[in-house]
Amino acid sequence: MSVSTQPHPALRWDGRRLAILDQTRLPGAEVWLTLEGAADTAQAIRRLAVRGAPLIGVAAAYGLAMEVARMPSPPTPGTLEAGWEILRSARPTAVNLAYAVDRVRTAALAAGVGGDEFMAGAAREEAERIHAEEDAASAAIAAYGAGLLGGARRIATHCNTGALILELEQRGAVHVLAGETRPLLQGARLTVWELARAGVSHDLVVDGAMAGLIRRGEVDAAIVGADRVAANGDTANKVGTYPLALAASAAGIPFVVAAPTSTIDAQLPDGDSIEIEERDADEVRAFAGADATLPGTGVRNPAFDVTPAALITALVTERGVARPPDAVSIAALLA
């Protein structure tokens, strides 16, 4: 079977406005949202209408570019800064978001001496450049990762389809075990939807069951994404990734993180420095509009956990593979 090496496109840009596939409505309905500036883009990111660290960064870049295009003439730095701050604070853990909006802000300010048209044009061009870079990075990650895991046919994943899994399918049929994945059961709703659209064989797995399946020898390798990678290789990803890594380590199978270098935060020495987003308790207290527990029950709802670098077999990026990921190999990727 021939499949695309890119996941189903969830973002469309026409040069003026951004349309995103509302991922909170999947798999029941494919609803596209039209965004026009910083505030509505930040809201979409915050409520998980957009998921995946690289895509969040691309959406935020366009959000700031649209905000710059809407600025009064002559443009005011205060308006730019307000839009930048709204987007930058939308979600604290994914470093791609800050990386992208910082680049667009810098480009707009550098062009500001030429007037509002130059500012808007520079912001738009930088956002489009970031988008193109992330697309190219995804393809390169797929190639490097498939070379590393060419023999793996039974893949466990946690909130990640990604070009790497689809590239493995191109090279020989794979079967994916997809964890349910909180928050909002993104694996059940989104990963499964993406795999089904791509024609990749898969089963949905209760998150608490994945370790047992790995122990029974039903998985060849685990592949996950990342929202932030510290300088020493510690990695933040969707909550539930850490126990998956522990199970893979105990079973002696590869545990691979696939992420662009824009996800690496070289300023953070280790995973203990990564800010972990805590989400609303009602995401856990209720399900499909019905109470799932007693009203008022205390809830811990972290969106991410941190996997120590020692549990990660390799970090696959568009610049190559850090194996094992540590301060030396990651610094070499960024050199």
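Data overview
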{"item": "Size of electric dipole in the chain: Cβ of Lys, Arg +1 and of Asp, Glu -1, about Cα centre, debye, nearest 20", "result": "600 debye"}
{"item": "Signed unit charges on C-beta, dipole axis of the chain, positive-most listed residue 262, 28, 176", "result": "176"}
{"item": "Peptides 284-292, 141-149, 62-70, 247-255 ordered by average Cβ neighbours within 10 Å, highest first", "result": "62-70, 141-149, 247-255, 284-292"}
{"item": "Viscosity 0.692 mPa s, 37 °C: Kirkwood-radius Stokes-Einstein D of segment 167-246 over Cα pairs, µm²/s", "result": "241 µm²/s"}
{"item": "Whole-number D in µm²/s for segment 262-335 (Stokes-Einstein; Kirkwood sum over Cα pairs; 20 °C, 1.002 mPa s)", "result": "141 µm²/s"}
{"item": "Segment 10-109 - percent of accessible surface contributed by carbon and sulfur, probe 1.4 Å", "result": "52 percent"}
{"item": "Tilt relative to the chain, helix 162-171 - C-alpha long axis, 0 to 90 degrees, to 10", "result": "50 degrees"}
{"item": "Contact order normalised by residue count of the chain, Cα under 8 Å, 6+ apart, percent", "result": "16 percent"}
{"item": "Segment 165-277, accessible surface, carbon-and-sulfur percent (1.4 angstrom probe)", "result": "49 percent"}
{"item": "Trypsin sites (Lys or Arg not before Pro) within segment 144-217, DSSP loop, no more than 12 other Cβ atoms inside 10 Å", "result": "216"}
{"item": "Top positive-direction residue, dipole computed over the chain with Cβ charges, set 295, 312, 94", "result": "312"}
{"item": "Per residue accessible area of the chain, 1.4 Å probe, in Å²", "result": "42 Å²"}
{"item": "Cα shape, segment 209-335, gyration tensor, a/c 1.5 rule", "result": "oblate"}
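The values are calculated or read from the model by the stated rules, or taken from the named source; none is laboratory data. These figures come from a predicted structure and were not determined experimentally. FYI the Cβ positions are ideal-geometry reconstructions off the backbone, even for glycines, and counts take in every protein chain you see. The protein model used for the area step is the full one, side chains on, heavy atoms only, and it has no ligands, DNA or RNA in it. Shrake-Rupley method; radii C 1.70, N 1.55, O 1.52, S 1.80 Å.
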